[in-house]
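No lab work stands behind these numbers, since they all come straight from the coordinates. It should be emphasised that the depicted structure is a prediction, and the values quoted were computed from it without experimental measurement. Positions of Cβ are generated from backbone atoms using ideal geometry, with glycine treated the same way; all protein chains shown enter the neighbour counts.
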Amino acid sequence: MTRPVHSRRALFRRLLVGFVIAAVWLICIAGTSKRSSRLVTVFYNVYANPDHIENAQDIVIEQMQHMLPEHRLLVRSIGAQFQIENASRIQHDKQGSESETLGLLWNYCRDSPHAENEIVIYIHNKGSFHPSNENTMFRRLITPAALSKECSQMPPICNICSFRFSPLPHPHSPGNMWAARCNYIKLLLDPMQFERNMTQFYNMNKMRDSPSKIGTGRYAAEHWVHSHPSLKACDLSTSPYVWGYNGITTAEHDMKLEHAPRYNKKIFMMNSGFYDWEYWDDRWLNVDHRLEEYMFLYNQTPPRTWFGWSFYNPTLGE
């Protein structure tokens, strides 16, 4: 009996997905014995404006200087394509978002037989979409941190590591470059589903605040990796910088890994340069709001070791 056309197409798609996953794993394990016994896979989201491709190329060259010998580079490119040395391109699209690249990382960790011991890294060529002096300075701080040996060899107290972890205005790593344990990544929602669920959660609560303040819309990609109640963040920056662009010009490059957040809530508020905290604090910068979001997204409450018990509590967090 002849198989229906739609069935053949579905079978072809399944075979293609299986082939891509197998190809990624062959890429990752090739030459492992010559380079490092520890798997450290870097997912690189590269956007290139077809009219300004040189800017994207220059940023990539700059960021690649921070790659370590044990890093295996997988590229998801968007817009114009160009050659990236010592990298394997796993997907290209004319249009796309960071959440889709994070989805590739998420699926990789879910399928990895080494998830219990494996570290993955996420970076992107920040400043290729919105070129500015601020983005250049920002990128030059957060790229070497995410690709650092400290993050690639993070201690057991961490399951994610970055230049800075900020619990405000929502848990995130400013600039969205980080290293994380695969066994933690597996606990998270599909990044695309997470974006939809965040929108649903805030619509349900009739909150119309700025997406950048609550982690919705395109900012969901920045909030995603820190959205689980089992988060154990560490960061590297010893500077007073907390989040956003305020203080970027004075943030030094000295790095020392510590459990995060390394500052209390009052300092995060003061150093952010954002002055309307009383209004926001009453709405969602508190324990109750975080617990409500965790329950909606994951149907879980955080453990006793969760950073938020003391950070968000107005009497213990200051």
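Report the full-extension gain for the segment Q300 to H52: residue separation times 0.36 nm, less the Cα-Cα distance, to one decimal in nm.
That works out to 84.7 nm of additional length.
For R218 and M270, what is the calculated FRET efficiency with R₀ set at 41 Å and r taken between the beta-carbons, to the nearest 0.05? Don't jump to the answer; show the numbers that get you there.
Details: r = 27 Å, r/R0 = 0.67.
After rounding to 0.05, the efficiency reads 0.90.
Each Lys and Arg adds +1 at its Cβ and each Asp and Glu adds -1 at its Cβ; summed about the Cα centre, the stretch 33-278 shows a dipole of about 500 debye.
In this structure, the residue pairs whose Cα-Cα separation is over 23 Å, taken from K186/K213; K126/K266; K213/K265; K94/K126; K126/K213; K186/K232, are K186/K213; K126/K266.
Distance between the modelled labels on R140 and D93, one decimal in nanometres: 3.2 nm (7 Å Cα→Cβ projection).
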